[in-house]
1. What is the packing order of peptides A:129-141, B:26-38, taking the mean over residues of other C-beta atoms within 10 Å and listing the highest first?
2. Give the average, rounded to an integer, of partner chain Cβ atoms located within 10 angstrom of each Cβ in A:199-205.
3. Give me, ordered by chain and number, the residues 5 or more places off A:Leu207 or on other chains with an amide H under 5 Å from its own placed amide H.
4. Please arrange A:Arg18, A:Arg39 by accessible surface area, largest first, computed with a 1.4 Å probe and ligands excluded.
5. Give me the dipole magnitude in Debye, nearest 20, for chain A about the Cα centre, with unit charges on the beta carbon: positive for Lys and Arg, negative for Asp and Glu.
6. How many partner chain Cβ atoms sit within 10 Å of a residue's Cβ in peptide A:31-40, on average, as a whole number?
7. Under the rule of -39500 (n - 2.57) per DSSP H run of 4 or more residues, summed and divided by the residues of chain A, what mean residue ellipticity at 222 nm is obtained, to the nearest 500 deg cm²/dmol?
8. How do A:Ser86, A:Ser60 stack up against each other in accessible area, from largest to smallest, with a 1.4 angstrom probe?
2 protein chains.
Amino acid sequence: MTRDAEPGKKRQRRKDARPQEILDAAMVLWAERGFAATRLDDVAKAAGIAKGTVYLYYASKEALFEAAIQDRLVSVMREHQGLSQSFEGSSAELLTLFLNTVYARLLKTDAVTLLKVLIGEGHHFPDLVKLYREVAIETGMAAIGFIVKRAQARGELRDGMSDLDARLIIAPAIMAAIWQSVFAGEDAMDTDAFMNDHIHLIRQGLLKPDAL
Amino acid sequence: MTRDAEPGKKRQRRKDARPQEILDAAMVLWAERGFAATRLDDVAKAAGIAKGTVYLYYASKEALFEAAIQDRLVSVMREHQGLSQSFEGSSAELLTLFLNTVYARLLKTDAVTLLKVLIGEGHHFPDLVKLYREVAIETGMAAIGFIVKRAQARGELRDGMSDLDARLIIAPAIMAAIWQSVFAGEDAMDTDAFMNDHIHLIRQGLLKPDAL
DNA sequence: CAATTTAATGACCCATCGGTCATTAGTCAA
DNA sequence: TTGACTAATGACCGATGGGTCATTAAATTG
């Protein structure tokens, strides 16, 4: 797991690289075992350092998780917002593009890990739940809200759908990501087919027939 | 938390009632704290007994969780299946009835607790994940599959929707239940409105316009 | 009212793990 | 080369919690 270890030396002083390496190692283990069940000692081993070293960079296990939220979500969520604002085209196309991007992010990165941990163990860390909500959820909901408003402005939205709960639109994507990580292996789903069904269903339900 | 305690006596011999009481106490604490973070000692206290007594009825913490799956899901899932089979009426009505029932079960009972625990900590207990899948998921998927087939037989299904992934239909309900339990309080959602939007969206996307 | 059975107890054992800190060693300036 | 600085170490501490078992006492039987 050590990265650029020059084999000759026992101790390596690499102050700049450590934080990110610790964080990456932690994410892998959290995904496998959950938060409480992952020992700081194992995170350290996976990052190629001793446990004490972790505490040079993060004040506590909880602080490490907070750093992970910042590291994994902040930049990605900003991108998401940008995507819709610069788009020119029909709502059907925008919805497709947006959901494709969401699925890619959720299924191909380790973003779900954070969500999984918060679902199962968030009760002990109200501050982290709050942070996650602010960083990920509010931004995400705003992005969807923008798409819906845009569709209405363009006259492509079905009547009575204007203040539909934004969570309804991404729920299947979130569930699919969680599903994959919980039932992976013994009940894997065809995520591409699922995504296409999802997009189709949303377009059908949300947009006027002549906007499809 | 003790139930029928006759106050005079220190020890109560109530062999029959213990298992269920232990289980109920455990479910409450698991919902609050998760599985790993809930001490058997606290479960025992909440059930009004000593820790050792728990081990008279359940071989281990894991066995207790398995018993919870059996207790909470088996009978309920059987009911779900029955519901659709005896129904006479349009698919629009059946879908509405079915989803109403699902939301009631997920939001008004402690069924989500089990799912939450499995999402966050299931990796340590592959046997429990498997059991959950068999007991809850396969039955649930079959129930939805039945509804879709029935709609098609009645000519009420949109073209190309016949082998839509059943998970897509209940995903928002599951997400809503989890959402409530994770973000309860600081970001509570209007679950009734959400459910109605959900039903509306599904009917719109799944059924032919003239079947609405 | 013994004698027997067994539900219930809780002190105890021991492995685990988050966090600390005195010690070690890599780096660099003078 | 040496001294100062500080990144890195890992033995250790203290708390925690799953699981055990010798002991206690409630019920039951004759």
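The values are calculated or read from the model by the stated rules, or taken from the named source; none is laboratory data. What you see is a predicted model, and the numbers here were worked out from it, not measured in a lab. All Cβ positions, glycine included, derive from the backbone under ideal geometry; neighbour counts span all protein chains shown. Heads up: the accessible areas ignore ligands, DNA and RNA and are worked out on the full protein's heavy atoms, side chains in. Shrake-Rupley method; radii C 1.70, N 1.55, O 1.52, S 1.80 Å.
1. By packing density, highest mean first, the sequence is B:26-38, A:129-141.
2. Across the residues of A:199-205, the mean count of other-chain Cβ atoms within 10 Å is 5.
3. A:Arg158
4. Result, largest first: A:Arg39, A:Arg18.
5. With only Lys, Arg, Asp and Glu charged at Cβ, the dipole is about 920 debye.
6. Average neighbour count from other chains, rounded to a whole number: 3.
7. Calculated at 222 nm, the ellipticity per residue is -21500 deg cm²/dmol.
8. Reading off the accessible areas and sorting them downward yields A:Ser86, A:Ser60.
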